[in-house]
Amino acid sequence: MMVSAWGDWLGLTISLENLEQLSYAEILTHCLYGMTWFGSSEDDIQDYTDELQTKCSEMIEQPDDDAEGWPFEDSDEADFKQKLDG
């Protein structure tokens, strides 16, 4: 969901359980955090998604060369895993 278009977020349903356990401000905070995790605009998120898709395709096409540039030229594996784990 974190790499979804912002318009997709508008159609999400918030469960009654979440509404009972979280304030509106907390729900909004979680949504904004998820929406902007990979960038502060939809264009940034699309760029990230495109780059990730390209790298995944390259790794599938050339499995013997999977370490070079993993997953991005300017990142290392630990940095990427940290970003995924939050």
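Observations on the structure shown:
- Output for the range 28-52, where each listed residue is within 12 Å of the chain's Cα centre (by Cα), over 19 Å from Leu12 (Cα atoms) and open to solvent by 90 Å² or more (accessible area, probe 1.4 Å): Ser40, Gln46, Asp47
- Annotation note: of Thr13, Thr29, the sole residue that is at pLDDT 80 or above, part of a loop (DSSP other than H, G, I, E, B) and at negative phi is Thr13.
- Some residue of the range 73-84 being modelled with pLDDT under 85, open to solvent by 90 Å² or more (accessible area, probe 1.4 Å), within 18 Å of the chain's Cα centre (by Cα) and among the polar types (S, T, N, Q): yes
The values are calculated or read from the model by the stated rules, or taken from the named source; none is laboratory data. All of these numbers come straight from a predicted model, not from anything done at the bench. Side chains included, ligands, DNA and RNA excluded: accessible areas come from the protein's heavy atoms. Shrake-Rupley method; radii C 1.70, N 1.55, O 1.52, S 1.80 Å.
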